[in-house]
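*Asks:* Shown below is the structure under consideration.
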Amino acid sequence: MWILRCHNPWWSKERWEEADKHLRDWSAQKIRWVPKWIEHVSLKPFSLNFIIGPRQVGKTTGIKLLIKTLIEKGTDPEKIIYFNAEALGNLDNFRRMLKLIAENFDEGFLFIDEITAITHWEKILKSFIDLGRFENFVIFCSGSSTANLLRIPESFMGRRGSGKDVYVLPLSFPEFVEVHGISPKKKSFLYSEDAERLFEKYVSTGGFPRTINSDATFFDDFIRELKSEIRNMKKSFPTCSALISHLFDIAPSPISYLSLSQKIGISKPTLEEYVEMLEDMLVLKIVYWKNHAMIFRKEKKFMLRDPAIVKSLSLLTGKEVRKDFLYEWIVQEHLLRRFGEIYYYRNRYEIDCIAGDLRIEVKAGKPHRKYPKNVLVLDEEDLPGFLIELFGKNRNQISKNI
């Protein structure tokens, strides 16, 4: 029980928040917020929740804030159990920890952080669930290795109860505006100089808590952890760096897997493995060609998923990205979050972004050619208002307002 008492200061300390490093760091930030995702987890026994997100996005801090919220709402602190699986070291110790909890607690909220540090952890947890040892619990599993955690929920089919998959992503631009104390719903803000100023800051910092708070050490930390995860997956970091470097070179143009693999000097199947790995890590997203239907064989675009990720990888490769390319990636990411899909089209003309009923071309300045009437052309000044309205109630009025 000693390790549990170390990880659960709320069992014995009234002002336990001061003893928790994550909450101390959170309290010290100039710009801080309680993430909205903690409102979307299931709190009904039995539930098995998975918290999935890229490194450095604030998953553990969010867990601690959820624990704080539960205690403030009257949950018995001794029925909230948290442990960091990384501290256990191996599968046997993980099994012993679950056995200890099952034997000493009849019900509660069980938070297992950094669970991907234990190889084959899912087999042990599954066996405890099958034996009914946690039927009165709400379980939360989170880990830094998104690539290893992403497909695990599928192996718990029929064992999730009321549990949910919760994706923790860097802040979108409307969320970025909100944490700066401005309501994105305020009409006078939409196409104002203040909106342009905040968007310029968003393009520079992205949506990670540390970059928003001007922590210059984030970028080196992000690369170091990326390198560690790639090596843990038995992949070559130099090969991955070469892939990223070539993506910067071709951005934002589409390219075939065959052509890209030849540029890097690896086989097409190997390239596909590396792209899939980076996509699972929520670093990049493949954008497929679509007209009336999506065609996998066509050349693909690759978008990086947050300006802070772009800056980190730019420092890694020594490659710069033009602002209009970055704008395209930002619009694609926001459309992906809004519609759950993102495509492009290229024939006699190109459409950068296709999602839902929207067809969008992104330009740094005014376009030099005409586009079909159903294509919305956005320049730099349009972007802040568009991204805010995209998540608002008046999405159908977007084309009229720009």
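No value in this document is a laboratory result; all are computed from the given coordinates. All figures in this text were calculated on a predicted structure; none of them were measured in a lab. Heads up, the Cβs are rebuilt from the backbone with ideal geometry, glycines too, and the neighbour counts pull from every protein chain shown.
*Asks:* Along its three principal axes, how long is the chain when you only count alpha carbons? Whole Å, largest extent first please.
*Replies:* In descending order, the Cα extents are 70, 53, 39 Å.
*Asks:* Applying the Karplus parametrisation 6.51 cos²θ - 1.76 cosθ + 1.60 with θ = phi - 60° to the phi angles of the stretch 40-51, what ³J(HN,Hα) value in whole Hz is obtained for each residue in order, glycine and proline being reported as x?
*Replies:* Result, ordered by residue: 9, 6, 8, 10, 9, x, 7, 9, 10, 9, 10, 10 Hz.
*Asks:* Continuing with the same structure: Report, by chain and number, residues whose modeled amide H sits under 5 Å from the one on PHE302, excluding near sequence neighbours (fewer than 5 apart, same chain).
*Replies:* Excluding prolines and chain starts, which carry no amide H, the hits are VAL287.
*Asks:* While we're here: Label the stretch 119-232 by shape, choosing from rounded, prolate and oblate, from the square roots a ≥ b ≥ c of the eigenvalues of the Cα gyration tensor; if a/c is under 1.5 it is rounded, and otherwise prolate applies when a/b is larger than b/c, oblate when it is not.
*Replies:* Oblate shape, in that a/c is at least 1.5 and b/c is the bigger or equal ratio.
*Asks:* Stretch TYR349-LYS164 to full length: gain in nm at 0.36 nm per residue minus the Cα-Cα span?
*Replies:* 62.5 nm
*Asks:* Rank-order 62-69, 130-137, 11-18 by packing density, defined as the average count of other C-beta atoms within 10 Å over each peptide's residues, highest first.
*Replies:* Ranked by mean Cβ neighbours within 10 Å, highest first: 62-69, 130-137, 11-18.
*Asks:* Along the Cα→Cβ direction, 7 angstrom out, place labels at ARG297 and SER236. What is the inter-label distance in nm?
*Replies:* Rounded to a tenth, the inter-label distance reads 3.0 nm.
*Asks:* Sort 76-84, 256-264 for me by packing, meaning the mean count of neighbouring Cβ atoms within 10 Å per residue, highest on top.
*Replies:* 76-84, 256-264
*Asks:* Structure shown: which of LYS186/LYS363; LYS268/LYS373; LYS123/LYS301 lie over 31 Å apart, alpha-carbon to alpha-carbon?
*Replies:* LYS268/LYS373; LYS123/LYS301
*Asks:* If you plug each phi of the stretch 189-196 into the Karplus form 6.51 cos²θ - 1.76 cosθ + 1.60 with θ = phi - 60°, what whole-Hz ³J(HN,Hα) values come out, in order, with x for Gly and Pro?
*Replies:* Along the stretch 189-196, the couplings run 7, 3, 10, 9, 5, 4, 5, 5 Hz.
*Asks:* Let me ask you something else. Hey, can you grab everything whose amide H is under 5 Å from the amide H of ILE351? Only 5+ residues off in sequence or another chain; H modelled, so Pro and N-termini drop out.
*Replies:* Residues meeting the amide H criterion: TYR345, ARG346.
*Asks:* Moving to a separate point now. Residue by residue through the stretch 89-96, which ³J(HN,Hα) values in whole Hz follow from phi under the Karplus form 6.51 cos²θ - 1.76 cosθ + 1.60 (θ = phi - 60°), with glycine and proline marked x?
*Replies:* Going residue by residue, I get x, 8, 5, 4, 5, 5, 4, 5 Hz, with x marking Gly and Pro.
*Asks:* What does the extension gain come out to for THR75 and ALA364, with contour length at 0.36 nm per residue minus their alpha carbon separation?
*Replies:* 98.9 nm is the gain from fully extending THR75 to ALA364.
*Asks:* In angstroms, what radius of gyration and Dmax does the stretch 1-92 have, counting Cα atoms only?
*Replies:* 13.8, 42
*Asks:* Going toward the positive end of the dipole of the stretch 142-259, with +1 on Lys and Arg Cβ and -1 on Asp and Glu Cβ, which of ILE244, PRO254, ALA147 do you reach last?
*Replies:* Among ILE244, PRO254, ALA147, the one farthest towards the positive end of the dipole of the stretch 142-259 is ALA147.
*Asks:* While we're looking at this one, here's another question. Can you grab the distance from the C-alpha centre of the stretch 215-276 to the C-alpha centre of the stretch 1-26, Å, no decimals?
*Replies:* Centre-to-centre (Cα) distance: 39 Å.
*Asks:* Taking the DSSP beta bridges in the chain as the whole, what percent of them are antiparallel, to the nearest 5?
*Replies:* If we restrict to bridges inside the chain, about 40 percent are antiparallel.
*Asks:* Over the stretch 26-167, what is the percentage of antiparallel beta bridges among all DSSP beta bridges, to the nearest 5?
*Replies:* Roughly 5 percent of the beta bridges in the stretch 26-167 run antiparallel, per DSSP.
*Asks:* Also, I was wondering about something else. Once the other residues with Cβ under 9 Å from the Cβ of ALA85 are scored (Lys, Arg +1; Asp, Glu -1), what is the net sum?
*Replies:* -3
*Asks:* Name the residues of the stretch 339-360 whose amide N is less than 17 Å from a point 7 angstrom out from the Cα of ASN374 along the C-beta direction?
*Replies:* 342-360
*Asks:* Give the calculated FRET efficiency between ASP220 and ASP357 to the nearest 0.05, with a Förster radius of 25 Å applied to their Cβ-Cβ distance.
*Replies:* According to the calculation, E is roughly 0.05.
*Asks:* Rounded, prolate or oblate, given the Cα gyration tensor of the stretch 61-132, with a/c below 1.5 counting as rounded?
*Replies:* oblate
*Asks:* A follow-up question, please. For SER27 and ARG15, compute 0.36 nm times the residue count separating them, minus their Cα-Cα distance, and round to one decimal in nm.
*Replies:* 3.0 nm
*Asks:* Also, I was wondering about something else. How long are the three semi-axes of the equivalent ellipsoid of the stretch 179-296, in whole Å, if each is the root of 5 times an eigenvalue of the C-alpha gyration tensor, listed from largest down?
*Replies:* The answer is 33, 22, 12 Å, longest axis first.
*Asks:* Quick one: pull the percentage of alpha-carbon pairs in the stretch 14-170 with a separation above 20 Å.
*Replies:* 48
*Asks:* Given all pairs of different Cα atoms, what value in angstroms does the Kirkwood hydrodynamic radius of the stretch 150-192 take?
*Replies:* 13.6
*Asks:* I would also like to ask the following. Just to confirm the number: angle between the C-alpha axis of helix 121-130 and the first principal axis of the chain, 0 to 90 degrees, nearest 10?
*Replies:* Roughly 60 degrees, rounded to the nearest 10.
*Asks:* Could you state the orientation-averaged shadow area of the convex hull built on the Cα atoms of the stretch 200-255, in nm² to one decimal?
*Replies:* Seen from a random direction, the Cα hull of the stretch 200-255 projects 5.2 nm² on average.
*Asks:* Using only Cα positions of the stretch 91-181, each an equal point scatterer, no hydration layer, compute I(q)/I(0) via Debye at q = 0.13, 0.16, 0.17 Å⁻¹ and quote the log10 values to two decimals.
*Replies:* Results for the stretch 91-181 at q = 0.13, 0.16, 0.17 Å⁻¹ read -0.51, -0.71, -0.78.
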